[in-house]
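Enquirer: Take this structure first; my questions come after.
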Amino acid sequence: YIFKDGTRVILNAESKLIIPSDYNEKNRNIQMVGEGFFEVTSDPTKPFIIKNGSTKVTVLGTSFNVKSYREDDYINVTVSTGKVLVNIPTIDLQLRIAPMQHLSIRKSTGEMTKLSLQENRYNDWIKGILYFNREPISEVLKTINRRYHQNVILECKNCNHIISGTHDNKSLDAVVDAICFTTGLKSRRSNDDTIILYD
């Protein structure tokens, strides 16, 4: 999608934008649910602001990725170029993110992780690639379910596995097999075609 000011966005699965009719007149405020990669046209007089619940991401002109689905436990912001200001008043957080940095914030606790990146793989979803970097298996399954429009669930006592890996345009079965191989979990399909991971 291309905005009136030339700003571009690519949205991931099950994502949506709410753009006011007066966008770029007095301000450039939008709302987003889900994940998007933005290339924002610079305008120092009108910062580009994305609101998602209580989270606010403010930029002047940059390219960055925001992932904040309602059902996810984490908010993730990854900056490719420029700088981004993340503001979450509910946990009294205001933080700048520089190029090649990734910020992950746990919504329930405010616990955050800020990483400097040698290579930015967090935008790989644009090319159809799944990339996980030390993510809880519960979050990985939410991403897989959105991507493949399939229901994959956990049925195990201590499913606190941390997943890392890249899946380059692989089938759902190949991704599930890789997760089972690295975690020691098993998988089966139920009568309604749900994939169940169990120990």
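The values are calculated or read from the model by the stated rules, or taken from the named source; none is laboratory data. Just so we're clear, the structure is a prediction, and the values are computed from it rather than from any experiment. All Cβ positions, even for glycine, are placed from backbone atoms using ideal geometry, and neighbour counts span all protein chains on display. Quick note on the areas: whole protein, heavy atoms, side chains included, nothing else; ligands and nucleic acids left out. Shrake-Rupley method; radii C 1.70, N 1.55, O 1.52, S 1.80 Å.
Enquirer: Can you give the Rg to Rh ratio for the stretch 79-122, taking only C-alpha atoms and Rh from Kirkwood?
Expert: We get a ratio of 0.99 for the stretch 79-122.
Enquirer: Something else about it: Would you work out the charge dipole size for the stretch 133-176 about its Cα centre, treating the Cβ of every Lys and Arg as +1 and the Cβ of every Asp and Glu as -1, and quote it to the nearest 20 debye?
Expert: Dipole about the Cα centre, nearest 20: 80 debye.
Enquirer: Run the 1.4 Å probe and let me know the accessible area of D73, rounded to the nearest 10 Å².
Expert: Taking all protein chains as shown, D73 has close to 60 Å².
Enquirer: Right, here's the next one. Suppose a student asked you for the relative contact order of the stretch 31-131, using Cα pairs under 8 Å spaced at least 6 residues apart; what percent would you report?
Expert: Across the stretch 31-131, relative contact order equals 20 percent.
Enquirer: Based on the alpha-carbon gyration tensor of the stretch 143-199 and its eigenvalue square roots a ≥ b ≥ c, which shape applies: rounded if a/c is under 1.5, prolate if not and a/b is larger than b/c, or oblate? Intermediate results must be reported in sequence, preceding the final value.
Expert: Numbers: a/c = 1.68, a/b = 1.04, b/c = 1.61.
Here the stretch 143-199 falls in the oblate category.
Enquirer: For the stretch 43-137, what does the alpha-carbon gyration tensor say about shape, rounded, prolate or oblate, given a ≥ b ≥ c as the root eigenvalues, a/c under 1.5 as rounded, and a/b over b/c as prolate?
Expert: oblate
Enquirer: Express the accessible area of the chain per residue in Å², computed with a 1.4 Å probe while the remaining protein chains stay in the model.
Expert: Per residue, the chain has 53 Å² of solvent-accessible surface.
Enquirer: Looking only at Cβ-Cβ distances, which cysteines of the chain have no other cysteine closer than 4.7 Å?
Expert: When partners are defined as cysteine Cβ atoms under 4.7 Å apart, the chain leaves C180 without one.
Enquirer: So, in nm, how far is label N169 from label I126 when the simple model puts each one 7 Å beyond its Cα toward the Cβ?
Expert: Spacing of the two 7 Å Cα→Cβ label points: 1.7 nm.
Enquirer: Taking a probe of 1.4 angstrom, what is the accessible area of S171 in Å², to the nearest 10?
Expert: Ignoring ligands and nucleic acids, S171 comes out at about 70 Å².
Enquirer: Can you give me the distance in nm between label points at M112 and D73, each placed 7 Å from the Cα along the Cα-to-Cβ direction?
Expert: Those two pseudo-labels are separated by 1.9 nm.
Enquirer: Just to compare against my own numbers: the Cα pair-distance distribution for the stretch 1-104, 10 Å bins, whole % per bin, please.
Expert: Bins of 10 Å from zero give 15, 53, 29, 2 percent of pairs.
Enquirer: Fully extended, how many nm does the chain gain between S190 and D22 (0.36 nm per residue separation, minus their Cα-Cα distance)?
Expert: Gain in length upon complete extension: 55.6 nm.
Enquirer: Still on this structure: Please state the charge dipole magnitude for the chain, taken about the Cα centre, from unit charges on C-beta atoms (+1 on K and R, -1 on D and E), reported in debye and rounded to the nearest 20.
Expert: Here the size comes out at about 380 debye.
Enquirer: If you line up the long axis of helix 137-148 against the longest principal axis of the chain, both from Cα atoms, how many degrees apart are they, to the nearest 10?
Expert: Result, in degrees: 80.
Enquirer: Please report Rg over Rh for the chain, where both radii come from the alpha carbon positions and Rh follows the Kirkwood definition.
Expert: 1.00
Enquirer: What shape does the stretch 91-199 have by the C-alpha gyration tensor, where a ≥ b ≥ c are the square roots of the eigenvalues, rounded means a/c under 1.5, and otherwise prolate means a/b greater than b/c and oblate the rest? Intermediate values should be presented prior to the final figure.
Expert: Values: a/c = 2.28, a/b = 1.62, b/c = 1.41.
In terms of gyration-tensor shape, prolate.
Enquirer: Now a separate question. Ordering T41, T109 by accessible area with a probe of 1.4 Å, largest first, what comes out?
Expert: The most accessible residue leads, giving T109, T41.
Enquirer: Let me ask another. What percent does the relative contact order of the chain come to when contacts are Cα pairs within less than 8 Å and at least six residues apart?
Expert: In percent, rounded to a whole number, it is 12.
Enquirer: Whole Å is fine, so just give me how far the alpha carbon centre of the stretch 107-123 lies from that of the stretch 6-43.
Expert: With the stretch 107-123 and the stretch 6-43 each reduced to a Cα centre, they are spaced 21 Å.
Enquirer: Along Cα→Cβ, 7 Å out, is where each label goes; now give me the distance between the ones at Q150 and T45 in nm to one decimal.
Expert: 5.2 nm
Enquirer: Note the angle between two axes, namely the Cα long axis of helix 172-183 and the longest principal axis of the Cα atoms of the chain, as a number of degrees from 0 to 90, rounded to the nearest 10.
Expert: 70 degrees
Enquirer: Using the Kirkwood formula over every pair of different C-alpha atoms, what hydrodynamic radius in Å results for the stretch 1-46?
Expert: Kirkwood radius, the stretch 1-46: 11.2 Å.
Enquirer: Hey, another quick one. Among bridges DSSP assigns within the chain, what percent are antiparallel (round to 5)?
Expert: 85 percent
Enquirer: If you roll a 1.4 Å probe over the chain with all protein chains in place, what percent of the accessible area is carbon or sulfur?
Expert: Roughly 48 percent of what the probe reaches on the chain is carbon or sulfur.
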